[in-house]
1. Looking only at segment 16-25, count how many residues are open to solvent by 30 Å² or more (accessible area, probe 1.4 Å) and farther than 21 Å from residue 51 by Cα.
2. Within segment 154-189, work out how many residues are surrounded by 12 or more Cβ atoms within 10 Å (Cβ to Cβ), modelled with pLDDT under 90 and among the basic types (Lys, Arg).
3. Considering only residues that are modelled with pLDDT of 95 or more, open to solvent by 40 Å² or more (accessible area, probe 1.4 Å) and in a helix (DSSP H, G or I), which ones fall in segment 29-50?
4. Please give the number of the condition residue 151 fails out of (1) within 18 Å of residue 70 (Cβ to Cβ); (2) modelled with pLDDT under 95; (3) surrounded by 12 or more Cβ atoms within 10 Å (Cβ to Cβ).
5. Looking at segment 6-15, can you tell me whether even one residue there is modelled with pLDDT under 95, open to solvent by less than 40 Å² (accessible area, probe 1.4 Å) and outside any helix (DSSP H, G or I)?
6. What are the residues in segment 72-117 that are open to solvent by less than 50 Å² (accessible area, probe 1.4 Å) and assigned to a loop (DSSP other than H, G, I, E, B), if any?
Amino acid sequence: MRIRAAAPAELPLLQDIERAAGEPFRTLGMAAIADDDPLPLDVLDSYRRAGRAWVAVDAADRPVAYLLADTIDGSAHIEQVSVHPDAARRGVGRALIEHLAAGAAEQGLAALTLTTFTEVPWNAPYYARLGFRPLTDSDPALTEGLRAISRAEAAHGLSVWPRVCMRREVRHAPADQGVPEAREARQGG
């Protein structure tokens, strides 16, 4: 699976992916989520121009999934991750998240964060399998920025279903790991 920056001409495809990824919510009685409009093209383009929009592409270099990220309170915040159902259950979402984690580590960010539905199998339970932990109201990791996101989501009507903020610490490599001389010194060569 190849991951790269989203291209301007692909932004309508990202909207199509988001619509398709929303359809399975109907089976859970969450038709309002399935019917919710995808992010507008200008918003997607602002993420793209800021270097915070990535796509996972198929063998024909066509996007099958995407991830948008913000930086919130010193963490890389997953604003949106959507995988087309035709590409689901193949590790595509995980690959996008790991791509973000690697970039967050390079930037010295502390963690990955997100907000999600608690009772949707491909939401909170999935992220828990990827190492994210739920944040309680009293958890000091539940920052003011995450609280503001939760309030905005509630105002948008998402709090009709139980939601949670989640966090995964970023693993930082030792400072000399990428330096060939340091590797040789550790290896005795």
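1. Selection size over segment 16-25: 3.
2. Final tally of qualifying residues: 1.
3. 41, 42, 43, 46, 48, 49
4. The number of the failed condition is (3).
5. no
6. Scanning segment 72-117 gives 74, 88, 91, 109, 110.
Conditions (1) within 24 Å of residue 17 (Cα to Cα); (2) out of contact with any helix residue (DSSP H, G or I) (no Cβ under 7 Å at 6 or more places or on another chain); (3) at pLDDT below 95, marked per residue:
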residue	(1), (2), (3)
82	yes, no, no
90	yes, yes, yes
94	yes, yes, no
103	yes, yes, no
119	yes, yes, yes
123	yes, yes, yes
146	no, yes, no
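The values are calculated or read from the model by the stated rules, or taken from the named source; none is laboratory data. For clarity, every value in this text was computed on a predicted model and none was experimentally measured. Every residue, glycine among them, receives a Cβ derived from its backbone with ideal geometry; neighbour counts consider all protein chains shown. The accessibility values were calculated without ligands, DNA or RNA, using every heavy atom of the protein model including side chains. Shrake-Rupley method; radii C 1.70, N 1.55, O 1.52, S 1.80 Å.
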